[in-house]
Each structure stands twice: as C-alpha cells, then as structure tokens.
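Working notes, structure below.
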Amino acid sequence: MLVLLQEEDPQVHGHHYDLRRSYPEAFFTHTRFGNPLMLIGSYRFNKRSDSKGPYLRWVCTRKDTRCRATAHTLDNIIVMLNNTHNH
C-alpha cells in the first residue's frame, strides 16, 4: 500500500521534503528490548539514538552487512527513504 499525502513541503533541519511523493507504508513497533522499530516491507529499521522529537532518522538493522538503507520520518510519516539494501 502506498501513502500519498497532499500537504505543503515541511522544512526540517534545513531540508525540504516533498510530502506529495509516494512511499511504502511503514509499521511502527518495538523490539523485544523495548526499542523503537520501523518495518517497511520485509526490512527492519532502528531509530538512530541521536534522533529526538517528531523528526526521526532510521537505519537498517543489518549493520553487520554495512547496509546504508535509511529513512526519515516526521510524526511517523515517511518524508525521505533510501530503501536500497545490500542484503
């Protein structure tokens, strides 16, 4: 399912994000240790520890493979997604 938003482009940390762009739907949950976890398809993303507030940055859980897939969310809505995984 794709989510298409019709809002003005927000500016966060000097970056403009196009909310009219379609991104896959994300599901938010927690790990067994209580840490935030975002699921996009079959891929899992951990919240970066330095992310706080409504704007969050996420990284792929497969650090061991040096995966560079990332996502940015604003109030749990994906505003940027690099969903290119190397695994």
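Some notes on this structure:
- Among the residues of segment 47-87, the one identified as more than 13 Å from Ala26 (Cα to Cα), of a type in the set (Gly, Ala, Ser) and either under 9 Å from the mean Cα position of the chain (by Cα) or buried (at least 18 other Cβ atoms within 10 Å of the Cβ) (or both) is Ala69.
- Residue within segment 6-15 that is modelled with pLDDT under 80, surrounded by 15 or more Cβ atoms within 10 Å (Cβ to Cβ) and in contact with an Asp or Glu (Cβ under 6 Å, 6 or more places away or on another chain) present: no
- Assessment of segment 32-46 against the conditions (surrounded by 16 or more Cβ atoms within 10 Å (Cβ to Cβ) and part of a loop (DSSP other than H, G, I, E, B)) yields no matching residue.
The values are calculated or read from the model by the stated rules, or taken from the named source; none is laboratory data. Keep in mind that what you see is a predicted model, and the values were worked out from it rather than measured. We place every Cβ from the backbone using ideal geometry, glycine too, and count neighbours over all the protein chains shown.
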